[in-house]
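The values are calculated or read from the model by the stated rules, or taken from the named source; none is laboratory data. These numbers were taken from a predicted model, which means no experiment stands behind them. Cβ coordinates were reconstructed from backbone atoms using ideal geometry, including for glycine residues, and neighbour counts include every protein chain displayed.
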Amino acid sequence: MKTKAEPSHPPVWLLMPDSQPKRARSAERLTRPRQAAPPLDEEALRDRLRAIRTDTANHLDELLGQLTSTLQEQYGVTSLEATTAQEAADEIARLASPSRRVLVNRSATVAELRPYLKAHGLEIVETYDEQFVHPDQGVERYWQLEPPSAETAWEAFRPQAITPSPRQSTDIGVLGVNVAAAKDGTVFFVQHLFNISDILERASKIVLVIGVERVVRDRDAAAFVARSQACYGALSVALGVPRRGGDSKGEVPVGRSLTPASPVRDAAHVPMHAILLDNGRRAWLSDPRYQDLFLCIGCRNCLLECPTQPYYGGETGWTPRDYLAAFLRGDSSSLRECITCGRCGARCPLDIDLPAMISEAKAEAGATRWQDQFYCNIGTLFQASSLTAPLSNWLFNWPLARLPMEWVSEMDRERKLPAFHRNTFLNQYRRRSSAPASGRAVVYYPGCYANFTDPELSWAVVGILERNGFRVLAPEHQCCGVACFPYGAKELAQRYARRRLRVFGPLAQEGYTILVSCPSCGTALERDFPYLLPESDDARLVAEQTRDVSDFLWALHQRGELDTDFDPLKLRVGYHTPCHLRVRDLGPENLRLLELIPGMEPIDIDRGCCGMAGSFGMRRAHREESREIGRYLFEELRSPGYDLGITNCAGCEMQMRAGSGRDVVHPLKLLWRAYSNSGSK
Ligand code: SF4
Ligand code: SF4
């Protein structure tokens, strides 16, 4: 018969930056005997992480039961499985009594409890920012960081065991655990400097808050997950510090050392308690739309490029993953500020498709206001404005009309709108007198912008393609419906997709390549249609056969088939990659194409999102945020080094022009200009 365990504590391991190689090597020997450091193969890492996390998802009850009994039987640590954050906070308040001070680490799990702990009148002390020397002078955006190689980041963190040592304080430590091993009860924390060791040293009692998804089978698996969290989260730490800052003016308090605490051999017993927090997590598993969220390791890498995170990140620094989790817990406002740029999905080491899940969640919330519906159907506005041009152009530029328009539609009266053409590109194209009768045929889809407001761009595309021996087919115009996505109007987006597929489906079946010059239309055809209509073969086929024009031309050049007889254009141009190209791994081919023009000096300006984000930047409510997001890009473009701004997206173009005062054009217009100058037209 088992005797009741003497109170002790489960093994606590910290993963922290390796500042003392000798100590690290010995920790390395302890944790991974007879193994060399693994090379970082990101695909293998993703597969192993997914396997570990899927094991948890498939055996959740078993692992939670095992962890609970290990903690109780081996260490005398009692566990509470809390269904809600309220329940967890009630337990912490009971354990804290009579103290009112709770020392917490910066953890998304603990952040869920904050409002409830505050409601109990507890004083929450978070020392995370204080540990940084100058918290108000750090970097603000991802491009200011020198990214370490994935391998270096992996090697930077070393696991070390630590023994909590009690002090005289009555404070209670509430620590969100990074990963816990069910088999032997080991808990892992990732620590960048010393705040967690500090809490372990200062608190008279420790409550381990373990999100139920953070439990894995054994210590090996836990160490692997914790190390991945450390590796992928390293950069996001640097971004979070200056925005939040500490109470102090930033100096490391006297007496503190940057050296992590060593295990204290003769430490007295520190009472520990565990709370296994569900707070809605099991529900993710039973909903196929969101079950991948359970696989998340909480590394925070998805926040690195999120344009709105700095403005809507909340006091605890939410990540896009937290936007979604909060929504699923009933906070219907948490997704409102996501501009559906898709950048977060591109950064996840587990390839969790956060943007798709966010779209699902937005669809669940629905576009509830009529103004949202108006922006979903922006293509109709384009069409109507084109039909009524030039009257519409005059009206949109008449200040007295803009104010009531802003009241009604919420369209920012300061936003300069593009000029609409009554004679659209497709009208012009249909009445064209001469077109090549032979050549390989491709389909060109200009989208609303290039059809109604920028026929010059469409003609540049046609000119370049014909110059290279293609025959261009331009079917009747219909909006692709991409504007519906940010508002969660899924059914409307499906209707748009079906309508578009009635034309493009048969063309794709005949084997035509469909070319797009608008990054957002390209995203709709390539990504959104198969997501919206998963049963549709046409959606899949159209997605497979859609190509961005620049990507298509660059591939042509790589096969030695692009006419490179360009006249010189002596220009130094700053290129901005639109989010909807970046998330499809596109953008650099535009720079490569422009480099083919003699005298052209294209510079890649990597300053994140421009802040327009479809209709987000058009709305009065987002005027300041939209400008603030794009500020870094505008400042760079304003610098004397550039003659011109370049980007593929009409929305980015509008925003860059307004923000920087420089002229901005599509790269294909420059390419065509260089051809035209050669006298070929
Ligand atoms: S889609 Fe863009 S704005 Fe939305 S959460 Fe992801 S990165 Fe942030
Ligand atoms: S969703 Fe975000 S926090 Fe979760 S694993 Fe992916 S990048 Fe990391």
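Quick notes
- Qualifying residue in region 305-325 (condition: of a type in the set (Asp, Glu), more than 10 Å from ligand 1 (Cβ to nearest atom), in contact with a Lys or Arg (Cβ under 9 Å, 6 or more places away or on another chain) and at pLDDT below 90): yes
- A count restricted to region 309-332 and to residues that are within 15 Å of ligand 2 (Cβ to nearest atom), over 25 Å from ALA230 (Cβ atoms) and in a loop (DSSP other than H, G, I, E, B) stands at 0.
- Every pair of residues 6+ apart whose Cβ atoms lie under 7 Å, when the first sits in region 350-372 and is on the phi > 0 side of the Ramachandran plot while the second is more than 11 Å from ligand 1 (Cβ to nearest atom) and modelled with pLDDT of 90 or more: ASP351/ARG46
- Checklist (1) aliphatic (A, V, I, L, M); (2) more than 16 Å from ligand 1 (Cβ to nearest atom); (3) not in a loop (DSSP other than H, G, I, E, B) applied to ALA389, failing item: (3)
- When PRO349 is tested against the conditions (1) modelled with pLDDT under 95; (2) more than 12 Å from ligand 1 (Cβ to nearest atom); (3) over 13 Å from the mean Cα position of the chain (by Cα); (4) assigned to a loop (DSSP other than H, G, I, E, B), the lone failure is (3).
- Residue identified as in contact with an Asp or Glu (Cβ under 8 Å, 6 or more places away or on another chain) and either at pLDDT 95 or above or closer than 17 Å to LEU515 by Cβ (or both) among GLY463, GLY447, GLY439: GLY439
- A search for C-beta distances below 6 Å between a residue of region 601-624 that is outside any loop (DSSP other than H, G, I, E, B) and any residue that is of a type in the set (Phe, Trp, Tyr), counting only pairs 6+ apart in sequence or on different chains, returns PRO602/TYR575; ASP604/TYR575; HIS622/PHE616.
- Here is the figure for region 173-197: residues that are modelled with pLDDT under 90 and touching a strand residue (DSSP E or B) at 6+ places or on another chain (Cβ under 7 Å) total 5.
- Residues being surrounded by fewer than 21 Cβ atoms within 10 Å (Cβ to Cβ) and either modelled with pLDDT of 90 or more or within 9 Å of ligand 2 (Cβ to nearest atom) (or both) - total across region 335-346: 1
- Residue within region 70-85 that is assigned to a helix (DSSP H, G or I), modelled with pLDDT of 95 or more, farther than 19 Å from LEU200 by Cβ and within 33 Å of the chain's Cα centre (by Cα) present: yes
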